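The values are calculated or read from the model by the stated rules, or taken from the named source; none is laboratory data. Being a predicted model, the structure only gives us computed values, none of them experimental. Here the Cβ positions follow ideal geometry from the backbone for every residue, glycine too, while neighbour counts run over all protein chains shown. Side chains included, ligands, DNA and RNA excluded: accessible areas come from the protein's heavy atoms. Shrake-Rupley method; radii C 1.70, N 1.55, O 1.52, S 1.80 Å.
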Amino acid sequence: ISFCRNWHPQAIARFANLASVVTFNENQVIVSQKQDTQQFYVVYEGQVAVKRGNRIRARLRPGAYFGEVSILQNSSAMMDIISRQPSRCLMISKSDFLRFVTHNPFVSLQLEHISSKRLGRPIFPLKGISFEVR
């Protein structure tokens, strides 16, 4: 998976051990908008759509992932995720995902960068914080 391309081999092995494979039928809702997201997903086979209302915002193919923004911000899902065809995803529980990124700083920074781009703003804004040494 391109997402893991630059990870340390131990991080890849740990990620693989934490993940389970889940199968979705065509047009099956994986995540509902405003739902409390309890899993992180990586598309393994097939294709899923990211929708808000009736509008498709993105199509995710193998290697793409979703659920990280809701987990990292402890918020509900911002969009619906629906399988466009029979699909399989790697799934990691919220608690395992948070533990994994805590122990893998490179992965944490990668997720923060990509998630901030998806949101169009920093996922962890640092308003009013100064790093000056006094």
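If you check residue 107 against the conditions, is it in a helix (DSSP H, G or I), among the aliphatic types (A, V, I, L, M), without any contact (Cβ under 8 Å) to a residue 60 or more places away in the chain and surrounded by 12 or more Cβ atoms within 10 Å (Cβ to Cβ)?
Numbers: in a helix (DSSP H, G or I): yes; among the aliphatic types (A, V, I, L, M): yes; without any contact (Cβ under 8 Å) to a residue 60 or more places away in the chain: no; surrounded by 12 or more Cβ atoms within 10 Å (Cβ to Cβ): yes.
Taking the combined requirement at face value, the residue does not satisfy it.
Considering only the stretch 61-100, state which residues are more than 21 Å from residue 121 (Cα to Cα), open to solvent by less than 20 Å² (accessible area, probe 1.4 Å) and in a strand (DSSP E or B).
Of everything in the stretch 61-100, those that are more than 21 Å from residue 121 (Cα to Cα), open to solvent by less than 20 Å² (accessible area, probe 1.4 Å) and in a strand (DSSP E or B) turn out to be 81, 83, 87, 89, 92.
When you scan the stretch 67-83, do you find a residue that is modelled with pLDDT under 90, under 11 Å from the mean Cα position of the chain (by Cα) and polar (S, T, N, Q), even just one?
Yes; the residues of the stretch 67-83 include at least one that is modelled with pLDDT under 90, under 11 Å from the mean Cα position of the chain (by Cα) and polar (S, T, N, Q).
Please pick out the residue among 127, 94 that is at pLDDT 90 or above and either in contact with a Gly (Cβ under 9 Å, 6 or more places away or on another chain) or more than 24 Å from residue 8 (Cα to Cα) (or both).
Just a single option satisfies the conditions, and that option is 94.
Mind checking which strands (runs of 3 or more DSSP E) fall wholly inside the stretch 1-58 and carry at least 2 residues that are touching a strand residue (DSSP E or B) at 6+ places or on another chain (Cβ under 9 Å) and loosely packed, with under 14 Cβ neighbours inside 10 Å?
20-24
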